[in-house]
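Okay, so here's the structure we're looking at.
The values are calculated or read from the model by the stated rules, or taken from the named source; none is laboratory data. Here the structure is a predicted model, which means the values were calculated and not measured. Backbone-built Cβ (ideal geometry, glycine too); neighbour counts: all protein chains shown. Accessible surface areas use protein heavy atoms only, side chains included; no ligands, DNA or RNA. Shrake-Rupley method; radii C 1.70, N 1.55, O 1.52, S 1.80 Å.
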Amino acid sequence: DHSYWQCEIEELKENYRVIALDSRGHGKSEKPLKYYLKDHINDVILLMDMLNIDSCYLMGISAGSYIAQGVAIEVPDRVKKLILVATKPNGITSSMQMFFEKHSKELKTLNEHEKQSFLYKHIFYNYNAIVSSSALNFNKHLTLEQQEAANSALVGFDFRADLYKITAKTLVISGRYDVLNPPAEGFKCAFLIPKAALVLMENS
């Protein structure tokens with residue numbers, strides 16, 4: 001959902017043309033109940049075509065970073081620089097889904113608000129300082145069925161054998177305390193992408 005990017009847009013718009021999209025199944029985009037990671041990747045490429053963007057700097061966070069990897073593999077000449085935040089090169093399912101499955105017993109008796117609070121306490125380094133932020137309502141506009149479709153799109157993705165195709169200068173950013181996409185996953189991406197560096201956020 002593009003609304004999650006407001007802080008970055010404000011920061012970057014002084015020096016860049018910034019385009020934030022609503023991915024398929026999110027925000028104001030259509031919400032089919034079946035789609036795939038490949039659809040997300042094609043959507044980004046087609047948007048670039050439609051807007052006559054020959055090449056760009058591309059940034060993605062978490063699931064968006066998987067999409068960004070796919071775009072940079074598919075059309076390497078069109079991605080000049082790549083930023084992957086809270087990323088991993090492969091996964092059985094979405095990191096959020098894996099978290100909920102891992103803690104299913106603890107979450108069983110909790111309502112939606114309590115589940116959200118449980119999640120925040122596990123994924124934010126400074127929970128008390130950040131929990132009031134309105135940006136923390138993950139998938140706030142999606143029904144449970146739509147959230148399931150979003151998770152299904154990420155099932156079994158694996159870019160490890162293709163990351164060498166990325167020609168963009170790449171920055172991988174991981175948070176030391178990230179339990180969803182831990183630093184070890186970011187290190188894998190940085191190792192497999194030819195021109196990549198990793199920055200570890202110590203208090204994140």
* Any chance Ser62 is surrounded by fewer than 21 Cβ atoms within 10 Å (Cβ to Cβ), among the small types (Gly, Ala, Ser) and under 13 Å from the mean Cα position of the chain (by Cα) -> yes
* **Subset of segment 134-144 [farther than 23 Å from Pro183 by Cβ and either loosely packed, with under 14 Cβ neighbours inside 10 Å or modelled with pLDDT under 75 (or both)]** => Ser134, Asn137, Asn139, Lys140, His141, Thr143, Leu144
* To do: State yes or no: is Ser117 open to solvent by less than 50 Å² (accessible area, probe 1.4 Å), under 22 Å from Tyr177 (Cβ atoms), out of contact with any Leu (no Cβ under 6 Å at 6 or more places or on another chain) and modelled with pLDDT under 80?
  => yes
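Can you tell me which residue within segment 171-204, out of those that are of a type outside the set (Asp, Glu), assigned to a loop (DSSP other than H, G, I, E, B) and modelled with pLDDT under 95, is farthest from Leu37 (Cα to Cα)?
Taking segment 171-204 first, the residues of a type outside the set (Asp, Glu) are 171-177, 179-184, 186-201, 203-204.
From what's left, assigned to a loop (DSSP other than H, G, I, E, B): 176-177, 179-182, 193-195, 203-204.
Now narrow it down to the ones that are modelled with pLDDT under 95: 176-177, 179-182, 203-204.
Values: Arg176: 27, Tyr177: 27, Val179: 22, Leu180: 19, Asn181: 18, Pro182: 21, Asn203: 31, Ser204: 27 Å.
Per the criteria, the residue is Asn203.
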* Residue list for segment 41-67, restricted to those being in contact with a Lys or Arg (Cβ under 6 Å, 6 or more places away or on another chain) and farther than 17 Å from Lys81 by Cα -> Asp43
* Name the helices (runs of 4 or more DSSP H) wholly within segment 48-111 that hold at least 1 residues that are closer than 24 Å to Phe187 by Cα and β-branched (Val, Ile, Thr)? -> 63-74
* Selection count where residues are part of a loop (DSSP other than H, G, I, E, B) and at negative phi, scope segment 155-170 -> 8
* Six or more apart or on different chains, Cβ under 7 Å: which pairs go from a residue in segment 22-33 that's in a loop (DSSP other than H, G, I, E, B) to one that's among the aromatic types (Phe, Trp, Tyr) and surrounded by 12 or more Cβ atoms within 10 Å (Cβ to Cβ)? Could you list them? => Arg24/Tyr35; Gly25/Tyr35
* Structure fact -> Considering residues that are under 15 Å from Glu74 (Cβ atoms), of a type in the set (Asp, Glu) and open to solvent by less than 50 Å² (accessible area, probe 1.4 Å), the number found within segment 15-53 is 2
* Tally time: how many residues in segment 145-170 are modelled with pLDDT of 95 or more, within 15 Å of Ser62 (Cα to Cα) and surrounded by fewer than 19 Cβ atoms within 10 Å (Cβ to Cβ)? -> 1
* To do: With the condition kept exactly as written, say whether any residue in segment 1-13 is in a helix (DSSP H, G or I), at pLDDT below 95, under 26 Å from Gly156 (Cα atoms) and open to solvent by less than 70 Å² (accessible area, probe 1.4 Å).
  => yes
